[in-house]
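Worksheet for the structure shown next.
Derivation of every value follows stated rules applied to the coordinates shown; laboratory data play no part. In this text the structure is predicted, and so the values were computed from the model without any measurement. Note: ideal-geometry Cβ built from the backbone for every residue, glycine included; neighbour counts use all protein chains shown.
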Amino acid sequence: MWLERLKSGLLVLFVALSIYLSLLLWEGMPPVEAPAPDLPTGGTYWGAGRDPISLLAPSRLVFYPGEGAPTLVYPGSSYFQKAWEAALDVLQQLGSLKPEELTGEKRSRREWETAFKGPAVELIFPVAITGDIWGPVLDYPPDFKLPWPVKRVVFLPSRQPALLLVGGGNDEALGLRIPRAPAALTSILEELEKMPRASYRELKPPLPVQAGVYVPAQPVSLPVLRVSGEAVNPEVVAGSFFADLSLTRRIHERDGAIIFSDGRRGVRVAPEGSVEYSAPEVALGGTFLPAQALERAARFVTQHGGWPEEARAAALTPVSTAAGAYWRLAFNQYLEGLPVLTPSIEIELTDRGIGRYRRKVLQEEMHVGWVKVSADKLEEQILSAGRLKKGDRVADAFLAYSIDAGPDGEALLRPVWAVETAAGDEFWLPAEGGDRS
């Protein structure tokens, strides 16, 4: 009996001691503070999203009518969008073919050049696309391979093979047969035949040049654009990278930029709207499939500012160093149908995350004038520039915009000729061949 009473007494004592110690602990804690009314709340920096396929869209189309000179169609045109959607539908249908049907057959460049007699549509991509990007993005069979990165795709609805894949510097094309006639593409060809067309001509010798490089046959007028950066709230931008801005340090620079840092990551927001983000801990890691890198980049940019209305991949480059490896992706935006040659978005990422993100998206404000551009002496201009290496050839030449400073310090976009060589070199030449207005 006495033993049971002893156990009960000890139990009561332990309960009382536990309550007493809990009270001491509670009293020793600092009082709960009410949130400050001016505590930064961050905000959403989400913007327009993009499917990875749209980031691989062509920079321009070439329409071969069958009779008469070819013409080029640029992004922003309703004809461009319809033709690209129809071509994309055909490309996606190839994913339903058997693996042996996707092997294709090699064709010589001479055979490819017969496609220029039309009717045909050619897609010209701003970046060469490898099989390990095309396959996953277009949902092809896992063992889909390409003999070279594809820079051009030619559709021949009335012939076999009906699809030609051409590399940037190769002398061969890969021909694919399309079992079902691409009726949608055929109807688009009929629409393109009705559209108003400017004539284009091929670049010619003595310039060493590959076939199928077209420039305007007559002078064209292009606008000079005044542009500005994005209007952004630094708190909102930083709030998309950091869960709690009260835990970040702020550094105000003399030029008005603000740097937010938590000791591991940092983001710099400049007054003109440019954004630079860095996370050194994940900057070096391991690489993974390029299609995954493109998908992750598309999602990250959507969450941190969004995409310009017209944007294209300009570089998807694997980089290896002694400390690790990463992917470097660059994207150019398009204004008035032409690419802005300075990347608007650049991303470096590894299998550990986004290591660097640089963003400088331009907003078109107005036309400040017009310039007349002529390609009459472009061959001589390219040769006199002295940028072609011995044995190299011009693989592409096209009009683009380059950023320049105006007389009052404003940012202007002026037309230039962008030249790409078969060896992979690039350079720009002035494109103003006539009077300004």
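Descriptive notes on the structure:
- Under the Karplus curve 6.51 cos²θ - 1.76 cosθ + 1.60, θ = phi - 60°, whole-Hz ³J(HN,Hα) for the range 240-253, x wherever Gly or Pro sits: 7, 9, 10, 5, 9, 5, 5, 9, 9, 9, 10, 10, 9, 8
- Extension gain from Gln81 to Ala323, taking 0.36 nm per residue of separation minus the Cα-Cα distance: 82.8 nm
- The range 107-216: C-alpha gyration tensor shape, a/c 1.5 cut-off, then a/b vs b/c: oblate
- Computed on the range 173-272, the Cα convex hull volume stands at 351 Å³ per residue.
- Amide H contacts under 5 Å for Asp396, placed H, 5+ residues apart: Glu420
- Other-chain or far-sequence residues with amide H under 5 Å of Ala314's (modelled H): Ala330, Phe331, Asn332
- Cα gyration tensor shape of the range 205-342, rounded if a/c is under 1.5, else prolate or oblate by comparing a/b with b/c: oblate
- Think of the chain as having a plus end and a minus end, set by charges on the Cβ of Lys, Arg, Asp and Glu; of Ala257, Ser187, Tyr334, Ser187 sits farthest toward the positive end of this dipole.
- On Cα atoms only, tilt of 2-28 relative to the major axis of the chain in degrees: 50 degrees
- Unit charges at the beta carbon, dipole of the chain: most positive-side option, Gly104, Gly306, Ser199: Gly104
- Between Glu191 and Ala411, the modelled labels are 3.4 nm apart [label points 7 Å from Cα along Cα→Cβ].
- For His304, the amide hydrogen comes within under 5 Å of the amide hydrogens of Gly47, counting only partners 5 or more places away or on other chains and with H modelled in the peptide plane.
- Sum of side-chain charges, Glu410 neighbourhood, beta-carbon under 12 Å (Lys, Arg +1; Asp, Glu -1): -3
- Using θ = phi - 60° and Karplus 6.51 cos²θ - 1.76 cosθ + 1.60, couplings along the range 397-412 (whole Hz; Gly, Pro as x): 8, 8, 7, 8, 10, 10, 7, 9, 8, x, x, 9, x, 6, 7, 10
- Note on Asp351 and Lys106: the model spin-label points, each 7 Å out from Cα along the C-beta direction, lie 3.4 nm apart.
- Rounded FRET efficiency, nearest 0.05, which uses the C-beta distance separating Glu380 from Ala243 and R0 of 41 Å: 0.10
- For the chain, the relative contact order comes to 17 percent (Cα pairs under 8 Å, sequence separation of at least 6).
- Overall form of the range 351-437 per C-alpha gyration tensor (a/c, 1.5; a/b vs b/c): oblate
- Comparing mean-square fluctuations of Ala293, Ala270, Ala314 from a GNM of the chain with C-alpha springs under 10 Å, the top value falls on Ala270.
- Here the calculated FRET efficiency for Lys98 and Gln160, from their Cβ-Cβ distance with R0 = 22 Å, stands at 0.80, rounded to the nearest 0.05.
- Mean-position separation - Cα centroids, the range 84-159 and the range 389-425, in angstrom: 27 Å
- Rounded to the nearest 10 degrees, the angle from helix 183-194 to the longest Cα principal axis of the chain is 60 degrees.
- Here the dipole of the chain is about 800 debye; that uses its Cα centre as origin and unit charges on the Cβ of Lys and Arg (positive) and Asp and Glu (negative).
- Within straight-line reach of Lys194, meaning a Cα separation under 29 Å, sit the following lysines at least 8 residues removed in sequence or on another chain: Lys82, Lys117, Lys151, Lys204, Lys372.
- Approximating the spin labels as points 7 Å out from Cα along Cα→Cβ, the Glu295-to-Ala183 distance works out to 3.3 nm.
- Fraction in percent of alpha-carbon pairs per bin - 10 Å, the range 295-416: 10, 32, 30, 22, 6, 0
- Straight-line cross-link partners of Lys145 among the lysines, defined as a Cα under 22 Å from its Cα and at least 8 positions apart when in the same chain: Lys98, Lys106.
- Percent RCO, i.e. relative contact order, over the range 111-171, from Cα pairs under 8 Å lying at least 6 residues apart: 34 percent
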